[in-house]
Amino acid sequence: MPITLRMIVDQVVAPVPGPLGRYTQALTSALIASAPSGCEVEGIVSSSPPTEYEFIESTFPGIARLYKTSLARRELTAAWQLGLTTSPGGGMIHAPSLFAPLRRHERSVSGDQVVVTVQDLAAWTHPDALTSASVSWHRAMLKRARKHADAVVVPTHALAERLAGIADFGERVRVIGTAPRVGLTAPSETEATLRRAALGLPSEYLVAAGTLEPRTGLVDLLEALGRPGVPQIPLVVLGPDSWGEVHLANVAEESGVDPRRVQALQVDDAGDLAVVLSGATAVIAPSHEDGAATDLIEAFSMAAPVIHSDTATHLEVAAEAGLSVTIGSGGYADRLAAAVTSVVEHPSLADRLAVTSADRARAFSWRDSAERIWQLHADL
């Protein structure tokens, strides 16, 4: 009888799958592909329309089976928060988030185990960026995880340290990194030309991902680009053109940047993202916040020169492969301006950063992450 790893795949068919959906898809596919001899992967999903079950099964062709809970996503979310349901049973359960059936169990007796993942700590560090319901849910689920989870996966050591300041998990925390999204591969010259034209990309440009929320550092970057003497290079923002009542064009103009130089793109297709990143003069990650630093990892995979802030996560993930800029208590925009100017005006520096990016990219693979997940469950 095979050993079954039961993966919660619900986010793949969520109304807005987002980064967590991409993580779930990539990790689940890698878990299936790297399953040790005598092991298999089963999916767990909330009660959903038949078309969503079919989508999951087509997304993961090697999945052993799909366990469908009796409750729909909304009801299951509430039930698991309160620990009111025995669904989906026991076994070896892995959750790509805190959305998991966390309840009392004796692993040494039943063999049941539940491993959850903490992707970020926004509910504690930036609760104003989330709804009150989301903040309450995340905090309640972390408390349940502290009581009942057999292990907690985090993407970086930096996040592990911050988590330790919020909840004591002792020896249960495991750092297992992420990798670029599925399908993010370097395009051919012909494909790149066609996609660049379709996206309306200029011949030279900088790239930054995020919203105008202060913690992303995008406002700092716009202020940097508006400083005297900084090259007048366009900026492609991978994100929305507004945040609440704040609009990208207005912030650009207030920062001294011609709004026509700033282009917001909502890129969901991996092929389009590959073209945007691979053609960039530099990819800039100015965030003040520690997270998974997926934007750095994806930029590295496309051998793009990277400029990043000196958050603990960025320093850990980049490992000196990018150009680090100190956030500090003041003058951050000026330091960003100097870094951008150096990379744009000195092709030799940009070339060196492209080489270090490509080299650093080899440190991140979903297969490696999946093998470490399998080993974690084996150790438990």
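The values are calculated or read from the model by the stated rules, or taken from the named source; none is laboratory data. Since the structure is predicted, the reported quantities are computational estimates derived from the model, not experimental observations. Cβ placement follows ideal geometry from the backbone for every residue including glycine, while neighbour counts extend to all protein chains displayed.
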### Message
Against the condition in contact with a Pro (Cβ under 9 Å, 6 or more places away or on another chain), assigned by TED's automatic domain parsing to the domain that holds Val118, under 26 Å from Leu380 (Cα atoms) and touching a residue at least 60 places away in the same chain (Cβ under 8 Å), how does Leu31 come out, does it pass?
### Response
no
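Can you find a residue that is surrounded by fewer than 18 Cβ atoms within 10 Å (Cβ to Cβ), more than 18 Å from Leu235 (Cα to Cα) and among the hydroxyl-bearing types (Ser, Thr, Tyr) anywhere in the range 288-296?
Taking the range 288-296 first, the residues surrounded by fewer than 18 Cβ atoms within 10 Å (Cβ to Cβ) are 288.
Applying the additional criterion that residues be more than 18 Å from Leu235 (Cα to Cα) yields 288.
If we keep only those that are among the hydroxyl-bearing types (Ser, Thr, Tyr) too, we end up with none.
No: zero hits.
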### Residue check, Thr69 crowded, with 20+ Cβ neighbours inside 10 Å and either over 18 Å from Met92 (Cβ atoms) or not charged (D, E, K, R) (or both)
yes
### Query
Looking only at the range 46-75, which residues are closer than 27 Å to Pro36 by Cα, out of contact with any helix residue (DSSP H, G or I) (no Cβ under 8 Å at 6 or more places or on another chain), not aliphatic (A, V, I, L, M) and not in a helix (DSSP H, G or I)?
Pro61, Arg65, Tyr67
### Query
Residue check: is Pro214 within 28 Å of Thr341 (Cβ to Cβ) and at pLDDT 95 or above?
no
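Would you be able to say whether some residue in the range 336-343 is closer than 27 Å to Pro19 by Cα and in contact with a strand residue (DSSP E or B) (Cβ under 7 Å, 6 or more places away or on another chain)? Spell out how you get there, then give the answer.
Here is the first cut: in the range 336-343, the ones closer than 27 Å to Pro19 by Cα are 336.
Next, from what is left, pick out any that are in contact with a strand residue (DSSP E or B) (Cβ under 7 Å, 6 or more places away or on another chain): 336.
Yes.
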## Note on the structure
Thr59: passes all of (1) in contact with a strand residue (DSSP E or B) (Cβ under 8 Å, 6 or more places away or on another chain); (2) of a type outside the set (Gly, Ala, Ser); (3) buried (at least 16 other Cβ atoms within 10 Å of the Cβ) but (1)
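How about the range 183-198: which of its residues are surrounded by fewer than 16 Cβ atoms within 10 Å (Cβ to Cβ) and either part of a helix (DSSP H, G or I) or in contact (Cβ under 8 Å) with a residue 12 or more places away in the chain (or both)?
Step one: of the range 183-198, the residues surrounded by fewer than 16 Cβ atoms within 10 Å (Cβ to Cβ) are 183, 185-186, 188-191, 193-194, 197-198.
Of everything in the range 183-198, those that are surrounded by fewer than 16 Cβ atoms within 10 Å (Cβ to Cβ) and either part of a helix (DSSP H, G or I) or in contact (Cβ under 8 Å) with a residue 12 or more places away in the chain (or both) turn out to be Gly183, Thr185, Ala186, Glu189, Thr190, Glu191, Thr193, Leu194, Ala197, Ala198.
Could you go through the range 118-133 and let me know if any residue there is closer than 25 Å to Ala363 by Cβ, in the same structural domain as Met7 (by TED's automatic domain parsing) and among the aliphatic types (A, V, I, L, M).
Going residue by residue through the range 118-133, those that are closer than 25 Å to Ala363 by Cβ are 118-121.
Among the residues that remain, those that are also in the same structural domain as Met7 (by TED's automatic domain parsing) are: 118-121.
From the residues that got through so far, the ones that are among the aliphatic types (A, V, I, L, M) too are 118, 121.
Yes, the range 118-133 contains a residue that is closer than 25 Å to Ala363 by Cβ, in the same structural domain as Met7 (by TED's automatic domain parsing) and among the aliphatic types (A, V, I, L, M).
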### Message
Please go through the range 337-369 and give me each residue that is surrounded by 19 or more Cβ atoms within 10 Å (Cβ to Cβ) and either modelled with pLDDT under 95 or not in a helix (DSSP H, G or I) (or both), ordered by number.
### Response
Phe364
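Report whether or not Gln232 is touching a Pro at 6+ places or on another chain (Cβ under 8 Å) and either touching a residue at least 24 places away in the same chain (Cβ under 8 Å) or outside the structural domain of Ala350 (by TED's automatic domain parsing) (or both).
On the way: touching a Pro at 6+ places or on another chain (Cβ under 8 Å): no; either touching a residue at least 24 places away in the same chain (Cβ under 8 Å) or outside the structural domain of Ala350 (by TED's automatic domain parsing) (or both): yes.
Here the answer is no, as Gln232 does not meet what is asked.
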## Note on the structure
Result of the Cβ filter at 6 Å on the range 1-14, keeping first residues that are polar (S, T, N, Q) and partners that are in a strand (DSSP E or B), at least 6 apart or interchain, is Thr4/Glu40; Thr4/Glu42
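Within the range 103-117, track down each residue that is aliphatic (A, V, I, L, M) and either at pLDDT 95 or above or not assigned by TED's automatic domain parsing to the domain that holds Pro17 (or both).
Our first condition is that a residue be aliphatic (A, V, I, L, M); within the range 103-117, this holds for 109, 114-116.
Within the range 103-117, Val114, Val115, Val116 qualify.
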### Query
Are any of the residues in the range 310-329 free of Cβ contacts under 8 Å to residues at least 12 places away in the same chain and more than 23 Å from Ser278 (Cα to Cα)?
yes
